[in-house]
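Below is one structure, written out as structure tokens; the observations come after it.
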Ligand code: PMP
């Protein structure tokens, strides 16, 4: 597989980043993941807007245009013959030469790495059968709106959820669901209202979340942006999660309690189909 690192396309075994890179030493970096369908990038503009926001919030430079970044995405897709999967992009504050808490002078330059991963997105077991989730305390930092590479806690939460017999974690703060380990959390109330937490520094502003909100409007489904409790979700008609690589994935159980009839929800599956159709149409 060919990867992109610091201006070059190289074989993955030849790709190298300094041990002094702040991404490695301080998790001082941000990332984006775009899904790829029929060799085209889904929601590229949305992901690049969020990348620019993440870097701005961290006083990190981003000396590439969207066009230049799209070109790298396309070149990697082409070189790796990728038809379905994802492109991962990571930008770190780079290598200042010494380990130091101070941000280095801007002229050090960031480190940009991109790679592709083949993944079956359209036909996935989880997309068809749904997932079980288990709650975990949200012990991440308080700027979850920035998409940083500090993913140790979400990774631990997912492992704990798996140890509890589930597939993934929903993180909870003050009794309210924040989001999944790597997705946004949704429920459908018995009176037919879709509920997903409002944007704030408590959650990541999901690009798929925004796309699904737009689709819900077209389908005349009501959406309420507000926090919901674990108890409310357990009694919901349906629950599901959204993310770039899982699209819309039904949640069939929460902490061992079946959601609805314990089968993938009708509305979730309808949103999944509509999201896939729209993404295929709009991919570039
Ligand atoms: N929340 C978290 C914590 C995530 O890691 C992700 C996936 N990167 C999402 C939500 C979903 O965001 P998106 O729809 O942009 O993939």
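Coordinate-derived values only; no laboratory data. No experiment lies behind these values; they were computed from the predicted model shown. All Cβ positions, glycine included, derive from the backbone under ideal geometry; neighbour counts span all protein chains shown.
Over the chain, consider all pairs of different Cα atoms and compute the Kirkwood hydrodynamic radius from their mean reciprocal separation; express it in Å, one decimal.
Numbers: mean 1/r = 0.0508 Å⁻¹.
Every distinct Cα pair counted, the radius reaches 19.7 Å.
Multiply the residue gap between residue 98 and residue 56 by 0.36 nm, knock off their C-alpha separation, and tell me the result in nm, one decimal place.
12.7 nm
Stretched out fully, how many nm does the piece from residue 156 to residue 124 gain, at 0.36 nm a residue minus the Cα gap?
Details: separation 32, 0.36 × 32 = 11.52 nm, distance 2.37 nm.
Value of the extension gain: 9.1 nm.
Can you give the convex hull volume per residue for the Cα atoms of the stretch 2-118, as a whole number of Å³? Each step should come with its number before you reach the end.
Details: hull volume 11.1 nm³, N = 117.
Spelled out: Cα convex hull of the stretch 2-118, divided by residues, is 95 Å³.
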* So how do 250-260, 225-235 stack up, highest first, on mean other-Cβ count within 10 Å? -> 250-260, 225-235
* Taking Cα atoms, how many degrees apart are the long axis of helix 44-57 and the longest axis of the chain, rounded to 10 and kept between 0 and 90? -> 70 degrees
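For the chain, give me the percentage of DSSP beta bridges that are antiparallel, rounded to the nearest 5 percent.
Values: 44 of 56 bridges.
The antiparallel proportion sits near 80 percent.
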* Structure fact -> In degrees rounded to 10, the 0-90 angle between helix 207-218 Cα long axis and the longest Cα principal axis of the chain is 40 degrees
* Based on the mean of other beta carbon atoms within 10 Å per residue, what is the order of 148-157, 176-185, most packed first? -> 176-185, 148-157
* Nearest 10 degrees, 0 to 90: helix 152-163 Cα axis against the chain principal axis -> 40 degrees
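Given a Förster distance of 41 Å, report the FRET efficiency between residue 13 and residue 225 from their Cβ-Cβ distance, rounded to the nearest 0.05.
Details: r = 46 Å, r/R0 = 1.11.
Efficiency for this residue pair is about 0.35.
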* Asked: Using only the Cα atoms of the stretch 128-169, what do you get for the radius of gyration and for Dmax, in Å?
  -> 11.6, 34
* Asked: Roughly how many nanometres apart are two label points built 7 Å out from the Cα toward the Cβ at residue 83 and residue 145?
  -> 4.1 nm
* To do: Please say if the stretch 107-241 is rounded, prolate or oblate, where rounded means a/c under 1.5 for a ≥ b ≥ c the square roots of the C-alpha gyration tensor eigenvalues, and otherwise the choice is prolate for a/b larger than b/c and oblate otherwise?
  => rounded
* Asked: Where does the Debye-calculated log10 I(q)/I(0) of the stretch 48-187 sit at q = 0.11, 0.13, 0.19 Å⁻¹, using only Cα point scatterers of equal weight, no solvent?
  -> -0.58, -0.80, -1.24
